[in-house]
Amino acid sequence: MNIWVVNHYAVPPGQSGGTRHWVLGQHLRKAGHSVAIIAGNVNYHERASADADTDYRARLQEHGGIKFLWLNVPEYKGSLLRVLSMIVFALRTIFGRASGYLPRPDVIIGSTPHPFAAFAALVLARRFKAKFVLEVRDIWPESLVELGGYSWFHPFIVLLDQLEKLLARKADRIICLLPKAHDDLIRKGSHRDKITWIPNGVDLSLFTSPEPKKRDGDFIVMYAGAHGVANGLDVVLDAAALLQDRGCGGVTFVLVGNGTQKERLKANAAKRALANVVFKDSVPKNAIPAVLAAADACFMHLRDLPVFRWGVSPNKLFDYMGAARPVIFAVNTSVNPVENANAGLTIPPENPEALADAVMELAGCSDEERARMGAAGRAYVISEHGAEVLGERLSTLLADL
């Protein structure tokens, strides 16, 4: 079976960002399928092209047996240019003659880091008489309304809402990353028996045998992921200030990654003279295990917003657990993997006092107790979020089309 995946922000392991489709593609290759990913050449986290040479419309590369068709899209900063990049990607997907680079598809998976990409996948599926599988990553346009403060009556929001309903109705099957989003998809026109939950997971080939961390010097609390509006990382600075004011030395927060809020956060930390906060640039996915090995504990946070009631599926969380590190989980959501696995502490989001207290509680645990939490988290993701488990679920879905 020839499978195309349309995901504007997909990347191979050598870049920073989400490698979900490359990892799942490896499982599909073992099952005898051919997998190609159509993506934009501008890295979502870096806001810049990974290529020094961008004088092309489309470029075909292969990474570990998975074909990547890179479409040239505008680099961007700010909301308007980001929307332009989305639209350019969708148009170039539709009109870019992908069939000149890739074998004719039997199935096209349209992923929704934004709905325009999935709409382009639907158009291609109809053109090639292929099955169309919709992959729902975020709840659109609710995410934009709650994070961006847009009105439901804004023309762009109305457009996105209608587009999501069209995609839900027309999809032959739907992959949902969020554990409780079925009701929203049914409201938009899908049927429950079309929906399969395949969350994000961890590539355990990167985390082969992580060593338990023995505290040596400062207690390192690490966040590794996007520094965006939804992540609400001001809470880290506020907690760091509380610990500094309390005279609680020996704790350092390390924030790894990039995003729209990073420069503001760095300036704020410098203004407040927070000596216990360190910022580091993002790293390629295949370098994440070495980075997380330096952590004594990891931090997962999202702002306290109703949109997360459908559940969350953050790559960073499963990487933390795959690295066998205890996790401080601060997300108001219906499904809590850290609590389910007994792999750390759960606190309310946007609560610096709770974060400061949780850090000191974990710092006060023995190395053995933290190792027990980390091992429990790793066992959980191996059974529930390992790439082989998720890949088998995807293979079953495709076989039933």
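The values are calculated or read from the model by the stated rules, or taken from the named source; none is laboratory data. All figures in this text were calculated on a predicted structure; none of them were measured in a lab. Neighbour counts run over all protein chains shown; Cβ positions are idealised from the backbone, glycine included.
Among the residues making up segment 46-72, those that are modelled with pLDDT of 85 or more and in a loop (DSSP other than H, G, I, E, B) are GLY64, GLY65, ASN72. Pairs are defined by a Cβ separation below 9 Å, a sequence spacing of at least 6 or placement on different chains, a first member in segment 347-358 that is within 20 Å of PHE219 (Cβ to Cβ), and a second member that is outside any loop (DSSP other than H, G, I, E, B) and of a type in the set (S, T, N, Q); the pairs so defined are ALA358/THR346.
Identify the residue in segment 341-360 that is assigned to a helix (DSSP H, G or I) and touching an Asp or Glu at 6+ places or on another chain (Cβ under 9 Å) and, among all such residues, is nearest to PHE329 (Cα to Cα).
Step one: filter segment 341-360 for residues assigned to a helix (DSSP H, G or I), giving 341, 352-360.
Narrowing the set further to residues that are touching an Asp or Glu at 6+ places or on another chain (Cβ under 9 Å) leaves 341, 352-353, 355-356.
Values: ALA341: 12, PRO352: 13, GLU353: 14, LEU355: 9, ALA356: 13 Å.
That would be LEU355.
LYS77 - would you say it is farther than 16 Å from ASN2 by Cβ and assigned by TED's automatic domain parsing to the domain that holds SER395? Taking the combined requirement at face value, the residue satisfies it.
Name the residue that is nearest to the chain's Cα centre (by Cα), counting only residues in segment 220-234 that are surrounded by fewer than 22 Cβ atoms within 10 Å (Cβ to Cβ) and hydrophobic (A, V, I, L, M, F, W, C). Before the answer, list the steps.
We begin by selecting, within segment 220-234, every residue surrounded by fewer than 22 Cβ atoms within 10 Å (Cβ to Cβ); these are 220, 228-230, 232, 234.
Still in the list and also hydrophobic (A, V, I, L, M, F, W, C): 220, 229-230.
Values: ILE220: 23, VAL229: 14, ALA230: 12 Å.
That would be ALA230.
Answer yes if at least one residue in segment 190-198 is at pLDDT 95 or above, hydroxyl-bearing (Ser, Thr, Tyr) and either within 27 Å of MET1 (Cα to Cα) or under 22 Å from the mean Cα position of the chain (by Cα) (or both), and no otherwise. Yes: one or more hits.
Sort out for me the helices (runs of 4 or more DSSP H) sitting completely within segment 219-332 that have 3 or more residues that are of a type in the set (D, E, K, R) and assigned by TED's automatic domain parsing to the domain that holds LEU144.
Values: elements: 234-246, 262-271, 288-292, 315-322.
Ranges flagged: none.
Exactly one residue out of GLY344, GLY391, GLY364 is farther than 30 Å from VAL35 by Cβ and surrounded by 19 or more Cβ atoms within 10 Å (Cβ to Cβ), and it is GLY344. Which one of the conditions (1) in contact with a Lys or Arg (Cβ under 7 Å, 6 or more places away or on another chain); (2) assigned by TED's automatic domain parsing to the domain that holds LEU185; (3) not β-branched (Val, Ile, Thr) does ARG393 fail to meet, given that it meets all the rest? All conditions pass for ARG393, except number (1).
Taking the condition of a type in the set (Gly, Ala, Ser), assigned to a helix (DSSP H, G or I) and out of contact with any Leu (no Cβ under 9 Å at 6 or more places or on another chain), does ALA363 pass?
Values: of a type in the set (Gly, Ala, Ser): yes; assigned to a helix (DSSP H, G or I): yes; out of contact with any Leu (no Cβ under 9 Å at 6 or more places or on another chain): yes.
Judged against the criteria, ALA363 is a match.
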